[in-house]
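Supplied in structure tokens, the structure appears directly below.
Coordinate-derived values only; no laboratory data. In this text the structure is predicted, and so the values were computed from the model without any measurement. When we count neighbours, we look across all protein chains shown, and the Cβ atoms used for this are built from the backbone with ideal geometry, even at glycine.
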Amino acid sequence: MKGIRSLLARLDRYQRSHPFLGFPFGVAKKFGQDRAGAGAALIAYYGFLSLFPLLLVLVTILGFVLHGDLGLQERIISSAKKEFPSLSDYLKTGSIHGSGVALTLGLAGALWAGLGVARTAGNAMNSVWDVPFFERGSFAASRVRALGLLATLGSALLVSTALSVLRGIHGPLAPLFWVAGLAGPVLVNAGLYAVAFRVLTSIHLTWRDVLPGAILGALSWTALQIAGNYFVRHQIAHASHLYGTLAVVIGLLAWIHLGAQLTLYAAEINVVRIRHLWPRSLTGDDLTDADRRAMEMEVSEVRRYKDRAIQV
């Protein structure tokens with residue numbers, strides 16, 4: 001035990017004097033103190049629920065648009081099977097139909113789950129920035145911010161999807177289209193992250209405040225998308241029908257959860273950088289100035305009334 005403490009003490013001294021190690025540790029410690037992992041789990045829960053009504057909306061709209069055009073249905077289904085091989089047993093030509101009831105139910109379910117994602121993400125962002133409860137806005141204001149974020153998210157998703165199609169273009173300019181198809185979604189995701197970080201946080205933040213975390217979040221999210229697509233193509237596609245379905249459900253939930261965690265880590269990077277919350281104590285002894293500031297911020301977060309103060 002004495003040897004472990006001695007090793008931790010040496011590591012603590014080293015990370016305090018080397019920002020390349022002290023800063024990531026400060027981000028990780030702030031993430032744990034904010035209980036951001038629980039927030040990521042809630043975001044993943046609502047995000048997973050929102051996928052099913054969104055899929056219902058997509059299939060229903062395609063049913064209306066492609067009604068009677070079996071050739072176009074075949075091309076779209078073939079494209080979907082290439083991107084998601086696990087759907088081979090479920091999507092068949094002629095199986096797509098439009099329904100007003102299904103569209104209404106899908107939109108209602110997607111709106112309910114989407115608002116849940118936005119509200120949960122807003123609570124997580126306010127916790128990351130230690131915003132006191134009395135500054136987090138009213139019930140109506142939080143719903144307006146959530147609706148605004150959903151509209152932005154939907155628009156950005158359409159643009160990102162359209163740009164990603166460029167990677168499939170062949171010809172003399174194929175390398176240029178491939179680069180544009182890869183860099184375009186990253187830029188769109190970076191802008192979306194920056195907007196989300198500002199909109200979901202109740203306090204005023206500038207673009208400069210959120211830009212570093214937005215860039216890192218966009219890069220990590222794009223890498224996660226590529227890894228998820230590779231896993232589906234090369235692993236789940238060769239699994240049996242039963243195990244392939246289970247793998248899709250479990251893998252999708254884990255993928256969304258990981259994406260939510262990476263998003264909150266990106267937000268924590270902005271907080272630690274702006275408020276200089278590093279270096280932190282590794283052992284809990286000999287607290288640094290950053291430790292004291294972090295504790296003061298954590299205590300001030302629980303203030304529910306503007307005219308009441310909490311002293312630390």
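What nm distance separates the two modelled labels at L7 and R275, each placed 7 Å from Cα along Cα→Cβ?
3.2
Still on this structure, please answer the following. For the residues K30, K2, what sequence is obtained by ranking on other C-beta atoms within 10 Å, fewest first?
Sorted ascending by nearby Cβ count, the order is K2, K30.
Next up: Using per-residue counts of other Cβ atoms within 10 Å, averaged over each peptide, order 190-197, 260-267, 46-53, 7-14 from highest down.
Taking the mean over residues of other Cβ atoms within 10 Å, the ranking is 260-267, 190-197, 46-53, 7-14.
How far apart, in nm, are two points set 7 Å out from the Cα along the Cα-to-Cβ line at L252 and at A227?
Computed distance between label sites L252 and A227 equals 2.0 nm.
Using the Karplus equation 6.51 cos²θ - 1.76 cosθ + 1.60 (θ = phi - 60°), what ³J(HN,Hα) coupling, rounded to whole Hz, does each residue of the range 287-297 give in order, writing x for Gly and Pro?
Rounded to whole hertz, the list is 4, 8, 4, 5, 4, 5, 5, 5, 5, 5, 5.
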